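Participant: The structure that follows is given in the form of structure tokens.
The values are calculated or read from the model by the stated rules, or taken from the named source; none is laboratory data. Since we're looking at a predicted model, the values are computed, not measured. Because the Cβ atoms are built from the backbone with ideal geometry, glycine has one as well, and the counts that use them run over all protein chains shown.
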Amino acid sequence: MDIKTFIEGPVGTNMYIVSEGGDCVIIDPAFYDEEAVRYIMNTGLTLRAILLTHAHFDHTMGLSDYLDCFDTDVYLSEDDREMLYVGAKDASSAFGITYKVSEVPLTLAAADGETIEAGKLSFRVIATPGHTRGSVCYLSEKDHVLFSGDTLFFAGAGRTDLYSGSYIQLMSSIHNKLMALPDETAVYSGHGRSTTIENERRYY
Ligand SMILES: [Zn+2]
């Protein structure tokens, strides 16, 4: 499995293109980036799905543009669906960015425990409410890689003061679900550098 990181937008959001054997997925289509489109096309990859860890605007602004380029499935938790259309619009206006996600036809729900098959790639959905009610992480069980969105960061956790956030839920998600993963699990977060479950265990 190959992981290519693109850092996008005013708050430095990590957008990942994860590939294996000619198939790829985008995890959090933060902002439109021609370089990312070129990367997919020039390497002959087939985009099998777009996976959203949650619906905050800084993780979703590129969604409609990528769907203009590629015909593919989009996964998002049902609990963040409303935010994708409504809540993030307000947040994006604070940065003076036109929000286009409202034009996107959704999609498939990413439900806890579900396995998403995307060509040769496979991810288990782990519901981790707290940063938003519908926040999820995507786990590649074969490669021991977790895409944690804004739930777990290097030496930190996501903020919970925004709409539908809950500190108690976030701590419960991290303690009960993420800390139950093997030490060697690599963690690729929505912002900042990657880490491991072993590294983060000292804080929880
Ligand atoms: Zn967020």
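Participant: Among 141, 184, which is loosely packed, with under 15 Cβ neighbours inside 10 Å, away from the ligand (no atom under 12 Å from the Cβ) and either closer than 15 Å to residue 54 by Cβ or within 17 Å of the chain's Cα centre (by Cα) (or both)?
Facilitator: Details: 184 fails: either closer than 15 Å to residue 54 by Cβ or within 17 Å of the chain's Cα centre (by Cα) (or both).
141 is the lone residue from the list that is loosely packed, with under 15 Cβ neighbours inside 10 Å, away from the ligand (no atom under 12 Å from the Cβ) and either closer than 15 Å to residue 54 by Cβ or within 17 Å of the chain's Cα centre (by Cα) (or both).
Participant: Among the small types (Gly, Ala, Ser), within 16 Å of the ligand (Cβ to nearest atom) and either in contact with an Asp or Glu (Cβ under 7 Å, 6 or more places away or on another chain) or at pLDDT below 95 (or both): does that describe residue 134?
Facilitator: yes
Participant: Something else about it: When the residues of the stretch 43-84 are filtered to those that are surrounded by fewer than 20 Cβ atoms within 10 Å (Cβ to Cβ) and assigned to a strand (DSSP E or B), which remaining residue is nearest to the chain's Cα centre (by Cα)?
Facilitator: Checked the stretch 43-84; the qualifying residue nearest to the chain's Cα centre (by Cα) is 73.
Participant: Here is a list: 122, 148, 172. Which entry is more than 16 Å from the ligand (Cβ to nearest atom), at pLDDT 95 or above, among the polar types (S, T, N, Q) and assigned to a strand (DSSP E or B)?
Facilitator: Checking each option against the conditions leaves just 122.
Participant: Right, another one. Going by the structure shown, is residue 17 at pLDDT 90 or above, buried (at least 20 other Cβ atoms within 10 Å of the Cβ) and either more than 19 Å from residue 192 (Cα to Cα) or in contact with a Lys or Arg (Cβ under 8 Å, 6 or more places away or on another chain) (or both)?
Facilitator: Working: at pLDDT 90 or above: yes; buried (at least 20 other Cβ atoms within 10 Å of the Cβ): yes; either more than 19 Å from residue 192 (Cα to Cα) or in contact with a Lys or Arg (Cβ under 8 Å, 6 or more places away or on another chain) (or both): yes.
So residue 17 passes the test.
Participant: For the stretch 175-194, give me each residue that is in a loop (DSSP other than H, G, I, E, B) and within 18 Å of residue 14 (Cα to Cα). If you could, list the steps in order and put the result at the bottom.
Facilitator: Applying the first criterion (in a loop (DSSP other than H, G, I, E, B)) to the stretch 175-194 yields 179-185, 190, 192-194.
Matches in the stretch 175-194: 190, 192, 193, 194.
Participant: Further question: Which count do you get for residues in the stretch 124-161 that are at positive phi and of a type in the set (Ser, Thr, Tyr)?
Facilitator: Number of matching residues: 0.
Participant: Name the pairs: first residue in the stretch 152-176 and in contact (Cβ under 8 Å) with a residue 60 or more places away in the chain, second residue within 11 Å of the ligand (Cβ to nearest atom) and not small (Gly, Ala, Ser), Cβ to Cβ under 6 Å, at least 6 apart or on different chains?
Facilitator: Qualifying pairs under 6 Å: 164/132.
Participant: Here's another thing I want to ask about it. Being more than 15 Å from residue 134 (Cα to Cα), among the basic types (Lys, Arg) and at pLDDT below 95 is the requirement here; does residue 193 meet it? I'd like the intermediate steps shown before the answer.
Facilitator: Working: more than 15 Å from residue 134 (Cα to Cα): yes; among the basic types (Lys, Arg): yes; at pLDDT below 95: no.
No; evaluated as a whole, the condition is false for this residue.
Participant: Kindly establish whether residue 162 is modelled with pLDDT under 95, away from the ligand (no atom under 14 Å from the Cβ) and in a loop (DSSP other than H, G, I, E, B).
Facilitator: Working: modelled with pLDDT under 95: yes; away from the ligand (no atom under 14 Å from the Cβ): no; in a loop (DSSP other than H, G, I, E, B): yes.
Against the criterion (modelled with pLDDT under 95, away from the ligand (no atom under 14 Å from the Cβ) and in a loop (DSSP other than H, G, I, E, B)), residue 162 does not qualify.
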